[in-house]
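Written out below as structure tokens is the structure these notes cover.
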Amino acid sequence: MIDGRIVDLSHTLYPGREEYHLDLVTHKTDELYPQYRVDPGVWYILQDISMSSHCGTHIEFPYHHSKDGMDAGSYPLERLIGDALLLDYTQKKRGEAVTFSEIREHEEKIKEGDMLIFNFNCARLYRTPQSHERPYITTEAVRWLVLKKKISLIGSDASGIEVPNAPNQPNHQFLMDHGVPII
């Protein structure tokens with residue numbers, strides 16, 4: 001929240017226009033459920049939605065990389081709501097790292113248990129061929145944020161925070177193993 005306002009950071013989803021699958025099928029209700037009588041000319045529909053958990057703005061819960069981690073249905077909602085600290089790294093270019101020393105510059109601002117949101121100015125790249133051209137956060141910085149600051153959540157306006165081409169996504173794995181969701 002900013003000054004008591006809720007800030008919605010999500011992108012609108014459009015079937016057929018997302019990188020990950022999002023399908024929407026529309027049915028007349030009485031086609032699926034004949035027990036619901038519908039007079040001719042009355043609009044009464046149901047829709048089936050099938051989508052990837054990575055479609056659009058999404059939360060990656062610990063179960064994403066930890067088979068014993070909490071999934072979306074078991075993760076406490078109250079741990080996803082609250083004030084977040086916005087860290088501005090808009091000066092970072094594609095492929096550049098946010099290093100441990102750069103994160104330490106914010107040590108006094110980052111409080112134990114904080115939710116952190118990184119602004120890389122990458123939301124503007126959503127649904128473009130450049131959507132995955134982004135900075136990243138070093139594993140050393142992520143480890144410090146989790147172990148020293150005990151952050152409760154990490155988010156970004158980019159398509160990810162992962163070290164480019166690193167096998168097994170070490171940032172994801174460490175965060176998920178410690179119960180820290182990624183937005």
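The values are calculated or read from the model by the stated rules, or taken from the named source; none is laboratory data. Here the structure is a predicted model, which is why all the values come from computation and not from measurement. A quick note on method: Cβ atoms are made from the backbone with ideal geometry, for glycine too, and the neighbour counts reach across all protein chains shown. Note: areas computed on protein heavy atoms with side chains; ligands, DNA, RNA excluded. Shrake-Rupley method; radii C 1.70, N 1.55, O 1.52, S 1.80 Å.
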Which one is modelled with the lowest pLDDT, of the residues in the range 82-129 that are in contact with a strand residue (DSSP E or B) (Cβ under 9 Å, 6 or more places away or on another chain) and either among the acidic types (Asp, Glu) or open to solvent by 90 Å² or more (accessible area, probe 1.4 Å) (or both)?
Asp83
The range 120-177 - residue that is basic (Lys, Arg) and touching a residue at least 12 places away in the same chain (Cβ under 8 Å) and, of those, farthest from Asp68 (Cα to Cα):
Arg127
Condition check: open to solvent by less than 60 Å² (accessible area, probe 1.4 Å), within 30 Å of Thr128 (Cβ to Cβ), under 15 Å from the mean Cα position of the chain (by Cα) and not hydroxyl-bearing (Ser, Thr, Tyr). Does His64 satisfy that?
no
Would you say Leu32 is within 17 Å of the chain's Cα centre (by Cα) and not polar (S, T, N, Q)?
no
Which ones in the range 1-49 are closer than 28 Å to Ile81 by Cα, of a type in the set (D, E, K, R) and exposed (fewer than 12 other Cβ atoms within 10 Å of the Cβ)?
Asp3, Arg5, Asp8
Looking at (1) open to solvent by 50 Å² or more (accessible area, probe 1.4 Å); (2) at pLDDT 95 or above, which one does Ser159 not meet, given that it meets all the others?
(2)
